[in-house]
Amino acid sequence: MNIKIGGSPESWGIRYPNDPNNTPWDRFLDEVSEVGYNWIELGQYGYLPTNPKELRTELDKRGLNLTAADVMGHLEEKSSWSELQEQVLQKGELVASLGGEFIVLCDGFYNDLETGKIIIPPPIRLPEDKWKQLIETTHRIADLTIRELNLRLIFHPCADTHVQYEDEVEKFLVDTDPSTVSLCLDIAHHAYRSGDPVSFMRNHHERIPYVHLKSVDSKLCKKIESENIPFGTAISMGVFPEPSVGSVDFQSFRNVLEEINYDGFAIVEQDMYKPPLNQPPLIAKRTREFLRNIGMG
């Protein structure tokens with residue numbers, strides 16, 4: 001197997017590009033490189049330099065390479081198309097110019113990440129007409145991504161969106177074209193909604209060239225589900241602990257990767273809420289060592 005291990009700004013608690021509490025972008029690049037990662041995601045657009053020459057210089061200084069940029073929007077709403085198209089082209093052109101390979105697409109959150117206020121009214125599970133629109137928009141974005149940018153589209157099922165439960169993800173795979181739409185499996189988001197990322201990876205690995213590595217607190221997940229706690233609040237409650245102490249069975253997941261001879265990316269993306277500046281690099285070092293010890297990278 002060939003696992004390309006990397007890190008993400010989200011593991012440094014970067015939720016908004018201009019938050020004054022953010023780790024400065026150059027410090028993040030220093031720290032993610034010192035941990036031993038060679039690959040990073042772009043993260044929130046505007047956090048890292050958006051001038052391709054400047055960003056290339058900064059990455060080269062540290063032996064880093066860019067893998068992907070993420071795009072998020074309400075795929076089930078026709079009115080979202082122009083904003084989604086703008087995101088894809090703006091972020092995708094930067095990623096493509098720096099040798100990246102992917103656009104990571106997420107459906108939009110149905111509630112506000114900070115306040116929990118409902119943005120998109122129920123039902124949380126989409127009716128058939130809205131689901132068809134979500135699939136149609138995904139295919140349009142895939143076509144745009146390939147035609148204009150020569151990048152690959154990978155869809156990221158995400159908590160508190162309309163593609164989050166395992167049966168929804170499987171339906172999404174059935175309804176989308178495997179030649180143009182692949183999957184980014186976030187193993188903790190999958191487990192957050194009671195899915196089994198180990199068996200899912202084994203069953204659907206042909207559609208999964210890219211994974212996000214993190215874990216969950218399963219007891220806290222049950223409380224979150226029963227009390228309908230919003231995703232943003234769940235992050236601040238610490239629902240995503242560092243991988244070595246969470247509930248996801250990383251050793252079994254690693255064994256599946258070996259079984260299928262996985263050849264792709266595995267990006268550590270531990271969602272954290274406003275951590276102290278000295279905390280993320282310490283967690284990242286422990287996580288990197290943990291992954292090495294179980295034979296991942």
Of all residues making up region 185-204, the number that are part of a helix (DSSP H, G or I) and within 11 Å of Val248 (Cα to Cα)
8
Counting only helices (runs of 4 or more DSSP H) wholly inside region 19-132, the ones holding at least 2 residues that are under 19 Å from the mean Cα position of the chain (by Cα) and within 29 Å of Ala234 (Cα to Cα) are 25-35, 81-97
Within region 57-86, take every residue that is in contact with a Gly (Cβ under 7 Å, 6 or more places away or on another chain) and among the polar types (S, T, N, Q) and give me the one that is nearest to Asp143 (Cα to Cα).
Ser80
Yes or no: region 74-83 includes at least one residue that is of a type outside the set (D, E, K, R), closer than 27 Å to Ala266 by Cβ and buried (at least 16 other Cβ atoms within 10 Å of the Cβ).
yes
Where a residue in region 197-212 is on the phi > 0 side of the Ramachandran plot and hydroxyl-bearing (Ser, Thr, Tyr) and its partner, wherever it lies, is in a strand (DSSP E or B) and surrounded by fewer than 19 Cβ atoms within 10 Å (Cβ to Cβ), with Cβ under 9 Å and at least six apart
none
Residue count for region 224-254, restricted to those that are farther than 24 Å from Ala284 by Cβ and surrounded by fewer than 15 Cβ atoms within 10 Å (Cβ to Cβ)
4
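When region 141-161 is examined, which residues are found to be loosely packed, with under 15 Cβ neighbours inside 10 Å and either in a helix (DSSP H, G or I) or at pLDDT below 95 (or both)?
First pass over region 141-161, keeping only residues loosely packed, with under 15 Cβ neighbours inside 10 Å: 143, 147-148, 150.
If the condition is that a residue be loosely packed, with under 15 Cβ neighbours inside 10 Å and either in a helix (DSSP H, G or I) or at pLDDT below 95 (or both), then Asp143, Arg147, Glu148 are the ones that fit.
When you go through Gly264, Gly297 one by one, which is the residue that is part of a strand (DSSP E or B), within 23 Å of Ile40 (Cβ to Cβ) and of a type outside the set (D, E, K, R)?
Values: Gly297 fails: part of a strand (DSSP E or B).
Being part of a strand (DSSP E or B), within 23 Å of Ile40 (Cβ to Cβ) and of a type outside the set (D, E, K, R) holds for just one of Gly264, Gly297, which is Gly264.
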Options Leu94, Leu55, Leu64; residue that is surrounded by 15 or more Cβ atoms within 10 Å (Cβ to Cβ), among the aliphatic types (A, V, I, L, M) and more than 20 Å from Tyr210 (Cα to Cα)
Leu55
Of all residues making up region 200-223, the number that are closer than 23 Å to Lys171 by Cβ, buried (at least 18 other Cβ atoms within 10 Å of the Cβ) and among the charged types (D, E, K, R):
0
Members of region 166-180 found to be touching a His at 6+ places or on another chain (Cβ under 9 Å) and under 18 Å from Asp196 (Cβ atoms), listed by number
Glu166, Glu168, Val169, Glu170, Leu173
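The values are calculated or read from the model by the stated rules, or taken from the named source; none is laboratory data. The structure presented is a predicted model; accordingly, all values stated were derived computationally and were not measured. Neighbour counts are summed over all protein chains in view; Cβ atoms, including those assigned to glycine, are modelled from backbone coordinates with ideal geometry.
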